[in-house]
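These notes are about the structure you will find just below.
Read-outs: derived from the displayed coordinates by stated rules, not from any lab. Predicted model, so just to flag it, every value in this text is computed and none were measured. Here the Cβ positions follow ideal geometry from the backbone for every residue, glycine too, while neighbour counts run over all protein chains shown.
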Amino acid sequence: MQDLITRLLIELGENPAREGLVRTPRRVETALNFLTSGYRADIDEVLNGALFNVDYSEMVIVRDIDFYSLCEHHLLPFFGKCHVAYIPNGRVIGLSKIPRLVDIFARRLQLQERMTNQIAETITAQINPLGVAVVCEGTHLCMSMRGVEKQNSYTITSAMFGAFRDQTRTRMEFLELLKHRSPGVGQAISATTPAGASCLDE
Ligand SMILES: [Zn+2]
């Protein structure tokens with residue numbers, strides 16, 4: 001990878017031998033390996049020992065989970081907050097593991113829509129809850145840095161399964177709880193984002 005990055009620096013018109021760039025290929029390799037470590041993470045291992053049987057069927061919400069990812073179209077960062085809710089059906093996931101799950105899917109080349117779905121699908125597969133809802137709000141540097149969109153715009157994606165999809169009341173309760181911190185989420189969420197819309201494919 002370091003040879004490729006040296007080559008890239010040359011293609012960009014840089015001199016990879018100048019002082020500030022000498023160690024850049026190694027740094028970039030280390031950074032990219034970390035930022036894509038989700039490919040190599042084992043979900044079962046991460047959740048090992050953190051799935052519990054409980055007699056609890058109220059909504060569980062973990063809000064404002066920071067995520068940092070790379071868009072697969074431009075290899076530029078997108079980042080923001082992820083909110084996860086589910087209604088247990090006899091089983092729960094240790095709360096600290098939910099941000100870990102978000103990290104696993106964020107640390108890949110991603111589309112925000114796919115990441116949102118993958119988090120929801122994984123929770124469904126692991127504990128088969130009565131419903132799962134995942135909402136992500138992201139700022140995409142491939143849009144803001146390139147001036148494609150207004151600098152402060154952000155993209156909201158959501159995945160709603162089970163009770164969150166079927167029962168308006170459940171969905172509204174969840175969105176109301178989010179709205180207290182994130183104005184805008186409540187209204188924007190009902191409109192589904194078309195595939196690929198979070199990062200303009202150009
Ligand atoms: Zn992009």
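Remark on R91: its backbone amide H falls under 5 Å from those of V54, a criterion applied only to residues 5 or more positions apart or on other chains, H modelled at 1.01 Å from N.
The calculated FRET efficiency for the pair D166 and S57, based on their C-beta separation and a Förster distance of 22 Å, comes to about 0.90.
In this structure, the amide hydrogen of G162, modeled 1.01 Å from its nitrogen in the peptide plane, lies closer than 5 angstrom to those of V132, counting only residues at least 5 positions away or on a different chain. On the principal axes of its alpha carbon atoms, the stretch 49-189 extends 50, 32, 22 Å, with the longest extent given first. Do the sum for the chain: with -39,500 (n - 2.57) for every DSSP H run of n ≥ 4, divided by all residues, what is the mean residue ellipticity at 222 nm, to the nearest 500 deg cm²/dmol? Result for the chain, helices only: -10500 deg cm²/dmol. Across the stretch 47-52, coupling constants 3J(HN,Hα) worked out from phi with the 6.51/-1.76/1.60 Karplus curve, θ = phi - 60°, read 8, 3, x, 10, 10, 10 Hz, and Gly and Pro carry x. Assuming charge only on the beta carbon of Lys and Arg (+1) and of Asp and Glu (-1), the dipole of the chain about its Cα centre is about 280 debye to the nearest 20. When DSSP beta bridges are restricted to pairs lying wholly in the chain, around 95% turn out antiparallel. Here the Karplus relation 6.51 cos²θ - 1.76 cosθ + 1.60, evaluated at θ = phi - 60°, turns the backbone of the stretch 35-46 into coupling constants of 5, 10, 5, x, 4, 9, 7, 9, 4, 4, 5, 4 Hz, with x for every Gly and Pro. Against the main long axis of the alpha-carbon atoms of the chain, helix 97-106 sits at an angle near 40°. Amide H contacts of Q110: L70, C71, E72, each under 5 Å away and 5 or more positions distant or on a separate chain (H built 1.01 Å from N in the peptide plane; Pro and chain starts excluded).
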